Amino acid sequence: MKIKPFEIELYFAKYEFNCKHLLCASDCESISIDELLQLADMPQKDLLETHLNYTESQGDPILREKIADMTADVSAEDVVFLSSPEEGIFIAMHALLDKGDHVIVVSPVYESLLNLAEHITHNISLWPFRLKDGVWWLDEEELYRLATPQTRLLIINFPHNPTGYLPDEAMFKRLLHWAANKGITIFCDEMYRGLELGERKTLPSAVELNPDVIVLSGLSKTYGLPGLRSGWLIVKNPVLRDEVLNWKMYTSICATRPGEALSLAALACRETLAQRNRDLIQQNIAGAKPFFERWQNIFEWIPTQAGSVALIGIKQFSAQVFCETLAQAGILLLPSTYMNYSDTHIRFGFGRKSFLENLKALDAHLTKHYPEKCT
Ligand SMILES: Cc1ncc(COP(=O)(O)O)c(C=O)c1O
């Protein structure tokens, strides 16, 4: 059965590795294996002596224990280690949903969270982000109106890609409480958790507030290790967990041995990695301020509260045409159309060391082509 194109990943496949100036990455700055081993104090020998045997389908028990230790009231048994965070979305949606189930999904959203649920159920409602007083916002009343007796699942992602929205703790608790009362399961994508900016504090994991929530997390974003393809689901319900594991047998069967070994190393130094990335994002956002002031006739800066990305308004241009034109000039930005949103916004990603250098290339391009718009 055909599935919709995964537009965002097809766009990155086309441009990410041949555009010189990447400005919209959602991951953070990566490090080498060598640096990771040093930070984790893990002798190279341990990695080199790792045997390339099959691994346990649910994941190495020691690794799962370390993952469980990150969250209150979660045990190694609740964790399903994955061959990529994306695999977690695929197998969880298949384990959770059937045709006709009603699903509510925040919008815009990382596309597979929406497209897979839609592909399986054909019955989706979008819970849209709104702009209120120049900041992104979710209307709880709107969510309550979307729910029907058939609503099986609510898909959320906090901190949110691409808006950088993070609910306050009271709202987050109300949401989880509401879903529990209604018998609606929540799939909470926490890939960017730990990247809270400024005064914002890390929220409890959703599964700490409601044990029926399925949580997705991993090492790609907050810890800047997307090349490890390391992720995990937390599924406390044993019946559902078995379903998830059954689906995993049809995708990767089990994770790689080097991936598990390096994930253990990454967890040993995870706070260092997250702190580096938080610092880098904040430096890049501060460094980009003069740019957005200079180009306020083109861009509308919308502050981000958490995560590595922000969704910025674009004035007078189609976001998609603007980004495609820039990509031809070697500068990569992501239009909101590839995240199931109107042609009005652009995603910037602040997690890379090269961000401010690349922003200079965008500045030069705009100065050349739109000098009249510069303030
Ligand atoms: C919200 C969200 N969830 C899941 C993923 C998938 O992560 P990965 O590409 O590491 O599999 C992404 C990647 O961009 C994402 O932004």
| remark: Output for the range 1-72: trypsin sites (Lys or Arg not before Pro) sitting in coil per DSSP, at most 14 other Cβ within 10 Å, listed by number, reads K2, K20
| Want the number for K182 to S354: 0.36 nm per residue separation, take away the alpha-carbon distance, what's left? | 57.3 nm
| Rounded to the nearest 0.05, what FRET efficiency do H365 and K201 have when you use their Cβ-Cβ distance and R0 = 25 Å? | 0.10
| message | Going through the cross-link list K99/K248; K14/K353; K248/K353, which pairs have a Cα-Cα distance over 25 Å in this structure? | response | K248/K353
| query | Using a cut-off of 30 Å between alpha-carbon atoms, which lysines can reach K132, once sequence neighbours fewer than 8 places away in the same chain are excluded? | reply | K173, K182, K201, K221, K289, K315, K373
| task | Provide Y338, Y54 in ascending order of the number of other Cβ atoms located within 10 Å of each residue's Cβ, fewest first. | result | Y54, Y338
| Unit charges on C-beta of K, R, D, E only; dipole of the range 271-343, Debye | 140 debye
| said: Could you tell me which residue out of A40, T256, W232 lies farthest along the dipole of the range 33-269 toward its positive end? Charges go on the beta carbon: Lys and Arg +1, Asp and Glu -1, centred on the Cα centre. | reply: W232
| query | For H122 and N237, what is the calculated FRET efficiency with R₀ set at 25 Å and r taken between the beta-carbons, to the nearest 0.05? | reply | 0.50
| query | For the range 123-265, what is the percent of antiparallel DSSP beta bridges, rounded to the nearest 5? | reply | 50 percent
| task | Report, for the chain, the % of DSSP beta bridges that are antiparallel, rounded to 5. | result | 55 percent
| remark: The ³J(HN,Hα) series, computed from each phi in the range 180-192 with the Karplus coefficients 6.51, -1.76 and 1.60 at θ = phi - 60°, rounded to the nearest Hz and given as x for glycine or proline, is 4, 5, 8, x, 9, 6, 10, 9, 10, 7, 10, 4, 9
| field | Rg in Å to one decimal, and Dmax rounded to a whole Å, for the range 5-117 via C-alpha atoms | value | 18.4, 52
| task | Measure of size requested: the Rg and Dmax of the chain, with Cα atoms as the atom set and Å as the unit; please supply both. | result | 20.5, 62
| query | Once fully extended, how much extra length lies between K373 and A13, figured as 0.36 nm per residue of separation less the alpha-carbon to alpha-carbon distance? | reply | 126.4 nm
| remark: HN-Hα couplings for the range 346-354 via Karplus (6.51, -1.76, 1.60; θ = phi - 60°), in whole Hz with x for Gly/Pro, come out as 9, 8, 9, x, 9, x, 10, 4, 7
| request: Tell me the label-point distance for the pair D46, A268, using the 7 Å Cα-to-Cβ offset, in nm and rounded to one decimal. | output: 0.3 nm
| request: Name the residues whose placed amide hydrogens come within less than 5 Å of the amide hydrogen of F129, ignoring near sequence neighbours (fewer than 5 apart) on the same chain. | output: S107
| query | For the range 41-47, in order, what is each residue's ³J(HN,Hα) by Karplus, 6.51 cos²θ - 1.76 cosθ + 1.60 with θ = phi - 60°, in whole Hz (x at glycine and Pro)? | reply | 6, 10, x, 3, 3, 4, 6
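Read-outs throughout are calculated quantities, based only on the coordinates presented, and are distinct from any laboratory measurement. These numbers come from a predicted model, not from an experiment. Positions of Cβ are backbone-derived with ideal geometry, glycine not excepted, and every protein chain shown enters the neighbour counts.
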